1. Hey, rough spin-label estimate for residue 283 and residue 173, points 7 angstrom out along Cα→Cβ, what's it come to in nanometres?
2. Give me a comma-separated list of calculated 3J(HN,Hα) values for region 217-230, in order, Karplus coefficients 6.51, -1.76, 1.60 applied at θ = phi - 60°, integers in Hz, x for any Gly or Pro.
3. In percent, how large is the relative contact order of region 181-287, given Cα pairs closer than 8 Å and 6 or more residues apart?
4. Enumerate the residues in region 271-315 having an amide nitrogen under 11 Å from the point lying 7 Å beyond the Cα of residue 247 toward its Cβ.
5. For residue 140, give me every one of the lysines with a C-alpha distance below 22 angstrom, ignoring sequence neighbours fewer than eight places off in its own chain.
6. 5 Å is the cut-off here: which amide hydrogens, built 1.01 Å from N in the peptide plane, fall below it relative to residue 249, excluding neighbours closer than 5 in sequence?
7. Please compute the modelled spin-label separation between residue 53 and residue 163, points set 7 Å along Cα→Cβ, answer in nm with one decimal.
8. Decide, for region 227-298, between rounded, prolate and oblate: order the square roots of the alpha carbon gyration tensor eigenvalues as a ≥ b ≥ c, take rounded if a/c falls under 1.5, and otherwise choose prolate if a/b is larger than b/c, else oblate.
Amino acid sequence: MITQDQQLAPLRDTCNAEGTFDAQSPLYFVGGNQNVCELVYALPMLRARNVVMDSSGRMTYSLRRASIGVPEPDFYTTSVAPPQDPTTQTADVPINLARLGSRFDALKIDVEAAALGRSYNPRDWRLQSVVTLVLRKLDKAVAQGQGTESPAWFKGLKSLVTRSSATTTSADTDAFLALSSVYPNGAGAGEGPCCLVGNNDLLKALMNTGAGQTGLSGWRHDPWVDRPVYHFMGIPFYRTQVESVASTTTLYALNLGRTGVNLIYAYGNPKTFGLEVNELATDVSTGKTAYLVHGAFALALWEEEAAFKVTSVPV
């Protein structure tokens, strides 16, 4: 049983030092649904600190990482040579974060009169709807973002994942190809794939295959998103807004580890999906208070071998 304190906890979060709230609370989702998307829930989130703003209002931070080309060590003897030092120069990599958010307003006297944490409170139900829309917009950006839009969106899987292959004309064979092509921090024997990613059309296609109906395939509880998810040969399939064109679509296989695909955020915390809600000024002429739900994000792919896509998969 959910107590009143538990129901009001998300609203108390909106007043804390960080201005965050619990975006996973049923209060903030249409119909009380705790899941408005799958892939965004599964992506590991990394906090971007020491973020700077340029003159255009864009958020940027620098990440230092080892440059490509670390030499392979050689065998040695103590009488001939010491072990080789593989240290190389590091490079600062600038990463731009794209802002995402929405504003809404509510009549101040109605907000004060209605109980907090209830659907009839005008602030609460509007906040619920706006958070849902922002998360779905983020889900679409993760799938389709090109990074060239104006104002700047961020690079989604469509442009971020460069390792690819054309379809084999068979959805299950395409899935095998994608899964076997993911191996970060290893030449074929790294961490391996964590998930498959695609849209609803591709999910139907995989479920109709022989491999999709036998063995380890089927629906089961997934700890990454804390809900039932379809698994293809034991690997979870996360749905997102990947486009379908002329009865074809794109299938992704991703690693979600420390060297894989991560979602970088600047506000809030992972529990709020990197979102904050800020109360703005009250308009004395209308009696309405404005609220801003916002975040800043970037999708990171730390190693190219952590992702692979198969294009033009028939659905």
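1. 6.1 nm
2. Result, rounded to whole Hz: 7, x, 8, 7, 5, 10, x, 5, 10, 6, 6, x, 9, 6.
3. Averaging sequence separation for qualifying contacts and normalising by length gives 28 percent for region 181-287.
4. It comes to 314-315, nothing else.
5. 155, 158, 204, 271, 309
6. Under 5 Å from the amide H of residue 249: 312, 313, 315.
7. For residue 163 paired with residue 53, the spin-label model returns 3.9 nm.
8. prolate
Read-outs throughout are calculated quantities, based only on the coordinates presented, and are distinct from any laboratory measurement. Model, not experiment: these values are computed from the prediction. Glycine gets a Cβ as well: all are built from the backbone with ideal geometry, and neighbour counts include every protein chain shown.
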